[in-house]
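Structure record follows, encoded as structure tokens.
The values are calculated or read from the model by the stated rules, or taken from the named source; none is laboratory data. Worth saying up front: this structure is predicted, and the values here are computed from it rather than measured. Here the Cβ positions follow ideal geometry from the backbone for every residue, glycine too, while neighbour counts run over all protein chains shown.
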Amino acid sequence: MSEMIRRTYRGVLMVAGGFDGGSAERWLEDGNADLIAFGRLFIANPDLPERLRLHAPLNSPDPSTFYGGGERGYTDYPSLAQERGEAPRSVIDGRWR
Ligand SMILES: Cc1cc2nc3c(=O)[nH]c(=O)nc-3n(C[C@H](O)[C@H](O)[C@H](O)COP(=O)(O)O)c2cc1C
């Protein structure tokens, strides 16, 4: 279906669904999409861009915490920095301003 959309739609195409870092890169390199969105992997990895850049291991999402409840499963997945024992820090710093 994405091939058909690519042929007929001239705008920016963002796709999502089951991507990991490798498959996202392949889709972009092959020109099948302009942007890849991540859902579950971003929920489980607050520093997903850094992890993908470093080819670091990813936390696995826990579906039992999706769609409601409290903060568990939304704010308590560790970042790489936390796994290294460092204090949590903002991912928005001077590089992005
Ligand atoms: C807990 C949860 C909440 C979601 N909420 C939304 C939403 O509010 N709006 C939306 O368009 N997609 C929502 N999605 C779908 C994601 O944006 C994404 O399309 C889907 O998870 C497939 O991508 P993935 O394989 O990277 O997870 C949600 C997915 C999950 C797991």
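Results for (1) at negative phi; (2) of a type outside the set (Ser, Thr, Tyr), shown as yes or no for each residue.
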| residue | (1), (2) |
| --- | --- |
| ALA33 | yes, yes |
| ARG40 | yes, yes |
| LEU48 | yes, yes |
| SER60 | yes, no |
| TYR67 | no, no |
* Structure fact -> Scanning the stretch 22-47 for residues that are under 27 Å from GLY68 (Cα atoms) and either hydroxyl-bearing (Ser, Thr, Tyr) or modelled with pLDDT under 95 (or both) gives PRO46, ASP47
* Top-ranked residue in the stretch 27-59 [being away from the ligand (no atom under 15 Å from the Cβ) and assigned to a loop (DSSP other than H, G, I, E, B); ranked as surrounded by the most Cβ atoms within 10 Å (Cβ to Cβ)] -> ASP47
* Subset of the stretch 60-70 [within 13 Å of the ligand (Cβ to nearest atom) and either touching a residue at least 40 places away in the same chain (Cβ under 8 Å) or in a loop (DSSP other than H, G, I, E, B) (or both)] -> SER60, PRO61, ASP62, PHE66, TYR67, GLY68, GLY69
